1. Evaluate the range 63-70: report whether one residue or more is over 24 Å from S98 (Cβ atoms) and outside any strand (DSSP E or B).
2. When the range 13-41 is examined, which residues are found to be surrounded by fewer than 17 Cβ atoms within 10 Å (Cβ to Cβ) and among the aliphatic types (A, V, I, L, M)?
3. Kindly indicate the residue of the range 184-201 that is touching a residue at least 40 places away in the same chain (Cβ under 8 Å) and not β-branched (V, I, T) and also nearest to A95 (Cα to Cα) among those meeting that condition.
4. Any residue in the range 223-238 that is part of a helix (DSSP H, G or I) sitting within a Cβ distance under 6 Å of a residue that is at pLDDT 95 or above and acidic (D, E)? List the pairs, counting only those 6 or more apart or interchain.
5. Does the range 83-92 contain at least one residue that is on the phi < 0 side of the Ramachandran plot, of a type in the set (S, T, N, Q) and in contact with a helix residue (DSSP H, G or I) (Cβ under 8 Å, 6 or more places away or on another chain)?
6. Which condition from (1) part of a loop (DSSP other than H, G, I, E, B); (2) among the acidic types (D, E); (3) over 18 Å from the mean Cα position of the chain (by Cα) is the one that D242 breaks?
7. In the range 234-244, is there at least one residue being crowded, with 17+ Cβ neighbours inside 10 Å and among the acidic types (D, E)?
8. Taking L210, is it of a type outside the set (S, T, N, Q) and within 11 Å of the ligand (Cβ to nearest atom)?
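The values are calculated or read from the model by the stated rules, or taken from the named source; none is laboratory data. No experiment lies behind these values; they were computed from the predicted model shown. So basically every Cβ, Gly included, is an ideal-geometry build from the backbone, and we count neighbours across all protein chains shown.
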Amino acid sequence: MTGRSKLVAGNWKMHGETVQNRNLLAAILTGTEGLKGADIVVCVPCPYLAQTQSLLQGTHISWGAQNVSHHEKGAYTGEISAAMLTDFSCRYVIAGHSERRALYGEDSHTVALKFKAAQAAGLTPVLCIGETLDQREAGITEQVVAEQLDAVTGLMGVNALTRSVLAYEPVWAIGTGKTATPDQAQDVHAFIRRRIAARSPEVAAGLQILYGGSVKANNATELFDMPDIDGGLIGGASLIADEFIAICRAARNELILE
Ligand code: PEP
């Protein structure tokens with residue numbers, strides 16, 4: 001037993017509309033009621049934060065956003081600050097999702113600044129790291145995730161990770177239906193934890209490291225059973241109530257339930 005609780009975070013990406021959101025959140029609330037030992041989060045598009053807050057306030061489900069500006073405030077048209085997210089009682093924000101890195105040119109330094117801005121406002125950043133298929137095939141997976149991780153620890157120090165969540169998301173597994181095998185994922189999770197442990201065994205032992213990449217109801221249990229996988233960051237399946245509920249159930253820590 002690791003002592004770490006499991007976390008399941010849904011990433012809705014650019015999906016949603018008010019009626020659909022209401023139905024989805026109502027179904028997830030009912031379907032996960034009484035589920036102990038697994039924290040649940042939904043990261044929704046910013047226009048729906050107010051709706052999400054009003055539907056989830058006081059429930060067992062937390063909410064967050066998918067991106068944040070690294071600036072505190074000012075003339076940054078189209079950007080959303082960490083303080084604005086806390087204004088809607090967000091608890092989490094995703095930082096450095098591979099789609100942001102690949103499509104919007106966010107490099108590891110920018111992601112580290114976003115991580116810093118999020119924490120400064122009291123949010124818990126969910127830092128995403130992971131390699132592309134080319135990088136995996138070139139045998140540089142560990143080098144890539146180390147660089148992405150070190151950008152944050154270099155800026156903030158290793159102890160900053162205590163108020164964060166990590167998500168290992170191999171880019172080749174995101175939205176592709178190709179999941180990493182439990183052993184493949186565990187190997188990288190263990191590498192990440194070892195790297196952090198070299199600087200702080202306590203931080204490494206307490207850190208939740210999620211796996212993301214085509215997690216579905218039918219593969220969640222075997223992934224979540226691995227010793228260094230502490231839950232999942234879920235894209236496509238977080239939009240389907242039954243799938244997401246089943247994934248949350250798979251993350252339930254039976255030992256805590258008893
Ligand atoms: C994600 O968006 O972070 C993700 C893992 O997506 P999917 O589950 O659809 O692969």
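1. The first filter runs over the range 63-70 and keeps only residues over 24 Å from S98 (Cβ atoms), leaving none.
No, there is no match, as no residue in the range 63-70 is over 24 Å from S98 (Cβ atoms) and outside any strand (DSSP E or B).
2. If the condition is that a residue be surrounded by fewer than 17 Cβ atoms within 10 Å (Cβ to Cβ) and among the aliphatic types (A, V, I, L, M), then M14, V19, A26, A27 are the ones that fit.
3. So in the range 184-201, the residues touching a residue at least 40 places away in the same chain (Cβ under 8 Å) come out as 185-186, 188-189, 191-192, 195-196, 199-200.
With not β-branched (V, I, T) added as a condition, the list becomes 185-186, 189, 191, 195, 199-200.
On the way: A185: 20, Q186: 22, H189: 18, F191: 21, R195: 20, R199: 22, S200: 22 Å.
Checking each candidate, the answer is H189.
4. The qualifying pairs are A237/E243.
5. So the first thing to find is which residues in the range 83-92 are on the phi < 0 side of the Ramachandran plot, and the list is 83-88, 90-92.
Checking the rest, the ones that are also of a type in the set (S, T, N, Q) come to 86.
Those left that are additionally in contact with a helix residue (DSSP H, G or I) (Cβ under 8 Å, 6 or more places away or on another chain): none.
Checked against the condition, which is being on the phi < 0 side of the Ramachandran plot, of a type in the set (S, T, N, Q) and in contact with a helix residue (DSSP H, G or I) (Cβ under 8 Å, 6 or more places away or on another chain), the range 83-92 yields no hits at all.
6. All conditions pass for D242, except number (1).
7. Within the range 234-244, one or more residues are crowded, with 17+ Cβ neighbours inside 10 Å and among the acidic types (D, E).
8. Taking the combined requirement at face value, the residue satisfies it.
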